[in-house]
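Enquirer: Right, I'll just put the structure down here and ask away after.
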Amino acid sequence: MKINNKQYLSLAAALLLVPAGMGLSSCDDFLSIKPQNEIVLENYWTEEADVYSVLNSCYSQLESSDCINRMVVWGELRSDNMTNGVSTGNDLQQTLKENILETNSYTKWQCFYSVINRCNTVLYYAPHVNEIDPNFTDSELRAVEAEATTLRSLCYFYLIRAFRDVPYITYPSNDDRQEFQVPATKFDEVLDNIIADVESVKDHAVRSYGEDSEENTCRITRWACYSLLADMYLWKGNWQKCIENCDLVIEEKIRQYEEEYAKNPTTMTTELYGIYPLISESSASSNYAGNAYTEIFGEGDSFESIFELTFVNNQSVTNSTVSGFYGSKSNTTGQLGAPTFLFADIFTGQNKYFTKTDCRALENMFERNNKVYIQKYVNESVNFRTSTTTGAAPTVNAEPRNQAFANWIIYRLTDVMLMKAEAEVELAGDVAEGATLTEEQTQHYQKAFELVDAVWRRANNKRLATTDVLKFDTYATSRTDMENLVLDERQRELMFEGKRWFDLVRVCRRDGENDRMITKVLPKFQENTNAIRIKLSTQDILYWPYNRDELKQNPYLTQNPAYETDKTEQNL
């Protein structure tokens, strides 16, 4: 019996029929197992190689341009970080104008359900292989189940942050008798389920695939499980559990730093900012900064990485998202750009986002003819002087990639640090007007501030005047000020990484209103601002509409109320 694709519902088009050679473009041992052109159940799932072949295809599908494009579009495009670039596609343009219709191609979710179905298939058949192949041991089975479960949960996490309520399916599409026309499951129920799923497997996830192995960043490890759990608990509002999982990741990075320092103290590019080990922008003896960017985004698989999608030169799979959306060596501008206010007046000290000493502004963007273009991931390396005699903007020496092989980072250390900072602020609670911080509140706020300060100082310290520092007392009398401190640092640190819109949605959900998001997003619009303000005021509008084809094929889906009006009259 061949595995069948459910033709009547596109979310179940998550095929197991994977083209040969469509594997990860890294992790050499893992890559040696290629998915098959066609899976016949009578002849398949008989040995451990079959399990790893389909597990490999879960990663390869997540590497697809369809998935990474949506990580950017769903997680970043509608935020205050992005606007039109050059030759911007119509669906992107309409999204940037907040004119999102159910026919917009980015409302299609099949690529993520394809990963989900492959994960479901591994979870369904791997125990059978464990029973008949003595080489596929119990511990290997549990580790595979941890990988597949965590990847599936990650996909559902993307889907609920984008669409809120989504069909939740945990069994594979391998039998025509199975029913895949199902109602959408509520956001909170899906979130609870995927948290429980990862909690159930995290202790079986691999700690390390080998010293210095690229598989430690391009495959799910225990630290990736903890990072995903921290993120999901942050959305759930379980601040203590978020902090606990963040601490597990941070403590592991500290352990790795101490181990490496004991071996090579003079050659390390990582240094401590407080207690937190981060890659320095430049060595103490250098007059040039840019090293942190080069290691994290240029070379990839850095010390700070926890989980990233890895692409390797001269392999068939490329990261066309970066080259298409942000730019490349042959075309230094992409379809997406940044609002001018993100980069304006930095070097006069008047920019409210970046100080003039912040390396990230120079690494992530450049300005030409009053337009700001995105450079994160585009360049393989950057460097610029840590100071200039005139106080003008330093000249950035950048080496763009020859080909589209930039890795795509899902989780890295500073992301986790700032998750913990956010949870510490929320755990402290509010400070009544005129009241004095309690000792417990002070401790939570101090921990949050130290995390933000470490991330901020890494970006500034080699170019920093001693008077230009963050000061705890500036923020510590107000929870809103502390929340905004963390939110602003997440924007600077994770800019263009598919995080910002999701961060704003999380704040809106917590506030129960969209005012802070509107205040931050509205300045990027040049016209129809009153209409856009009104449109962005409802919680429903935070999420995407279901695609028209999904509504036709699945009668149990009900359109998001924000998109139920006559679509021909939505143009602003």
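Enquirer: Are there helices (runs of 4 or more DSSP H) fully within region 87-185 with at least 1 residues that are of a type outside the set (A, V, I, L, M, F, W, C) and touching a residue at least 60 places away in the same chain (Cβ under 8 Å)? List them. Steps first, answer last, please.
Expert: Numbers: elements: 90-96, 110-132, 138-163.
Hits in region 87-185: 110-132, 138-163.
Enquirer: Now, a different point. Can you tell me which residue in region 417-471 is least open to solvent (accessible area, probe 1.4 Å), limited to those that are in a helix (DSSP H, G or I) and hydroxyl-bearing (Ser, Thr, Tyr)? I'd like the intermediate steps shown before the answer.
Expert: Going through region 417-471, the residues in a helix (DSSP H, G or I) turn out to be 417-428, 439-463.
Filter once more, so that each one left must be hydroxyl-bearing (Ser, Thr, Tyr): 442, 445.
Details: 442: 49, 445: 0 Å².
Filtering first and then ranking leaves 445.
Enquirer: Among (1) touching a helix residue (DSSP H, G or I) at 6+ places or on another chain (Cβ under 9 Å); (2) in a helix (DSSP H, G or I); (3) open to solvent by less than 10 Å² (accessible area, probe 1.4 Å), there is one condition residue 298 misses while meeting the rest; what is its number?
Expert: (1)
Enquirer: Output the number of the condition that residue 418 fails; it satisfies all remaining conditions of (1) without any contact (Cβ under 8 Å) to a residue 60 or more places away in the chain; (2) hydrophobic (A, V, I, L, M, F, W, C); (3) touching a Leu at 6+ places or on another chain (Cβ under 7 Å).
Expert: (1)
Enquirer: Sticking with this one: Is at least one residue of region 355-371 open to solvent by 30 Å² or more (accessible area, probe 1.4 Å), farther than 29 Å from residue 523 by Cβ and not acidic (Asp, Glu)? It would help to see each step written out before you state the result.
Expert: Going residue by residue through region 355-371, those that are open to solvent by 30 Å² or more (accessible area, probe 1.4 Å) are 355-356, 366-371.
With farther than 29 Å from residue 523 by Cβ added as a condition, the list becomes none.
Within region 355-371, not a single residue is open to solvent by 30 Å² or more (accessible area, probe 1.4 Å), farther than 29 Å from residue 523 by Cβ and not acidic (Asp, Glu).
Enquirer: If we keep just the residues of region 282-295 that are touching a residue at least 60 places away in the same chain (Cβ under 8 Å) and assigned to a helix (DSSP H, G or I), which is farthest from the chain's Cα centre (by Cα)?
Expert: Step by step, filter region 282-295, then rank; the result is 291.
Enquirer: Moving on. Being in a strand (DSSP E or B) and under 22 Å from residue 519 (Cβ atoms) is the filter here, so list the residues in region 335-362 that pass it. Spell out how you get there, then give the answer.
Expert: Filtering region 335-362 down to residues in a strand (DSSP E or B) leaves 336-338.
If the condition is that a residue be in a strand (DSSP E or B) and under 22 Å from residue 519 (Cβ atoms), then 337, 338 are the ones that fit.
Enquirer: If you check residue 79 against the conditions, is it open to solvent by less than 10 Å² (accessible area, probe 1.4 Å) and farther than 23 Å from residue 375 by Cα? Reasoning before the result, please.
Expert: Details: open to solvent by less than 10 Å² (accessible area, probe 1.4 Å): yes; farther than 23 Å from residue 375 by Cα: no.
For residue 79, the condition - open to solvent by less than 10 Å² (accessible area, probe 1.4 Å) and farther than 23 Å from residue 375 by Cα - is not met.
Enquirer: Something else about it: Only one residue in 136, 163, 157 is within 15 Å of residue 410 (Cα to Cα) and modelled with pLDDT of 95 or more. Which one? Show your work before the answer.
Expert: On the way: 136 fails: within 15 Å of residue 410 (Cα to Cα); 163 fails: within 15 Å of residue 410 (Cα to Cα).
Step by step, each of 136, 163, 157 is checked, and only 157 is within 15 Å of residue 410 (Cα to Cα) and modelled with pLDDT of 95 or more.
Enquirer: Could you please find all residues in region 354-397 being among the polar types (S, T, N, Q) and touching a residue at least 12 places away in the same chain (Cβ under 8 Å)?
Expert: Once the filter is applied, which keeps residues that are among the polar types (S, T, N, Q) and touching a residue at least 12 places away in the same chain (Cβ under 8 Å), region 354-397 yields 355, 357, 364, 370, 375, 379, 381, 383, 386, 387, 397.
Residue-wise test of (1) closer than 24 Å to residue 349 by Cβ; (2) over 25 Å from the mean Cα position of the chain (by Cα).
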{"position": "368", "(1), (2)": "yes, yes"}
{"position": "376", "(1), (2)": "yes, no"}
{"position": "381", "(1), (2)": "no, no"}
{"position": "394", "(1), (2)": "yes, yes"}
{"position": "404", "(1), (2)": "no, no"}
{"position": "407", "(1), (2)": "no, no"}
{"position": "410", "(1), (2)": "no, no"}
{"position": "418", "(1), (2)": "no, no"}
{"position": "422", "(1), (2)": "no, no"}
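Enquirer: Counting only residues that are of a type in the set (Gly, Ala, Ser), surrounded by fewer than 19 Cβ atoms within 10 Å (Cβ to Cβ) and closer than 22 Å to residue 62 by Cα, how many does region 197-235 have? Write out each step before concluding.
Expert: Our first condition is that a residue be of a type in the set (Gly, Ala, Ser); within region 197-235, this holds for 200, 205, 208, 210, 213, 224, 227, 230.
Of the ones still in play, those that are also surrounded by fewer than 19 Cβ atoms within 10 Å (Cβ to Cβ) are 200, 208, 210, 213.
Subset that is closer than 22 Å to residue 62 by Cα: 208, 213.
Of the residues in region 197-235, 2 are of a type in the set (Gly, Ala, Ser), surrounded by fewer than 19 Cβ atoms within 10 Å (Cβ to Cβ) and closer than 22 Å to residue 62 by Cα.
Enquirer: Next up: Give me the residue from region 519-551 that is hydroxyl-bearing (Ser, Thr, Tyr) and open to solvent by 60 Å² or more (accessible area, probe 1.4 Å) and, out of that set, farthest from residue 107 (Cα to Cα).
Expert: Filtering first and then ranking leaves 519.
Enquirer: Just give me the residues in region 307-340 being surrounded by 24 or more Cβ atoms within 10 Å (Cβ to Cβ) and β-branched (Val, Ile, Thr), in sequence order.
Expert: Correct list: 310, 321, 322.
Enquirer: Follow-up question, since we're still on this one. Against the conditions (1) within 30 Å of residue 563 (Cα to Cα); (2) surrounded by 22 or more Cβ atoms within 10 Å (Cβ to Cβ); (3) touching a strand residue (DSSP E or B) at 6+ places or on another chain (Cβ under 9 Å), where does residue 185 fall short? Just the number, please.
Expert: In the conditions (1) within 30 Å of residue 563 (Cα to Cα); (2) surrounded by 22 or more Cβ atoms within 10 Å (Cβ to Cβ); (3) touching a strand residue (DSSP E or B) at 6+ places or on another chain (Cβ under 9 Å), residue 185 misses (2) alone.
Enquirer: Under 9 Å by Cβ, and 6 or more places apart or on different chains, what pairs join a residue from region 53-68 that is free of Cβ contacts under 8 Å to residues at least 40 places away in the same chain with one that is buried (at least 24 other Cβ atoms within 10 Å of the Cβ) and aliphatic (A, V, I, L, M)?
Expert: Close Cβ pairs satisfying both conditions: 56/24.
Enquirer: Okay, next question. Suppose we filter 383, 379, 407 for residues that are closer than 25 Å to residue 500 by Cβ, out of contact with any Leu (no Cβ under 9 Å at 6 or more places or on another chain) and surrounded by 23 or more Cβ atoms within 10 Å (Cβ to Cβ); which single one remains? Give the derivation first.
Expert: Working: 383 fails: closer than 25 Å to residue 500 by Cβ; 407 fails: out of contact with any Leu (no Cβ under 9 Å at 6 or more places or on another chain).
Of 383, 379, 407, the one residue that is closer than 25 Å to residue 500 by Cβ, out of contact with any Leu (no Cβ under 9 Å at 6 or more places or on another chain) and surrounded by 23 or more Cβ atoms within 10 Å (Cβ to Cβ) is 379.
Enquirer: Evaluate region 491-501: report whether one residue or more is basic (Lys, Arg), modelled with pLDDT of 95 or more, open to solvent by less than 50 Å² (accessible area, probe 1.4 Å) and in a loop (DSSP other than H, G, I, E, B). Even if it seems obvious, please write down each step before you answer.
Expert: So in region 491-501, the residues basic (Lys, Arg) come out as 492, 499-500.
Next, only the ones that are modelled with pLDDT of 95 or more stay: 492, 499-500.
With open to solvent by less than 50 Å² (accessible area, probe 1.4 Å) added as a condition, the list becomes 492, 499-500.
Now drop any that are not in a loop (DSSP other than H, G, I, E, B), which leaves 499.
Taking every residue of region 491-501 in turn, at least one turns out to be basic (Lys, Arg), modelled with pLDDT of 95 or more, open to solvent by less than 50 Å² (accessible area, probe 1.4 Å) and in a loop (DSSP other than H, G, I, E, B).
Enquirer: Restricting to helices (runs of 4 or more DSSP H) lying wholly in region 27-81: which have 1 or more residues that are in contact with a Cys (Cβ under 6 Å, 6 or more places away or on another chain), under 30 Å from residue 339 (Cβ atoms) and at pLDDT 95 or above? Break it down stepwise before answering.
Expert: On the way: elements: 28-31, 48-62, 65-72.
Correct list: 65-72.
The values are calculated or read from the model by the stated rules, or taken from the named source; none is laboratory data. What you are looking at is a predicted structure, and each value in this text was computed from that prediction instead of being measured. No Cβ is skipped: glycine too gets one built from the backbone with ideal geometry, and neighbour counts run over all protein chains shown. Surface areas here come from the heavy atoms of the whole protein model, side chains and all, with no ligands, DNA or RNA. Shrake-Rupley method; radii C 1.70, N 1.55, O 1.52, S 1.80 Å.
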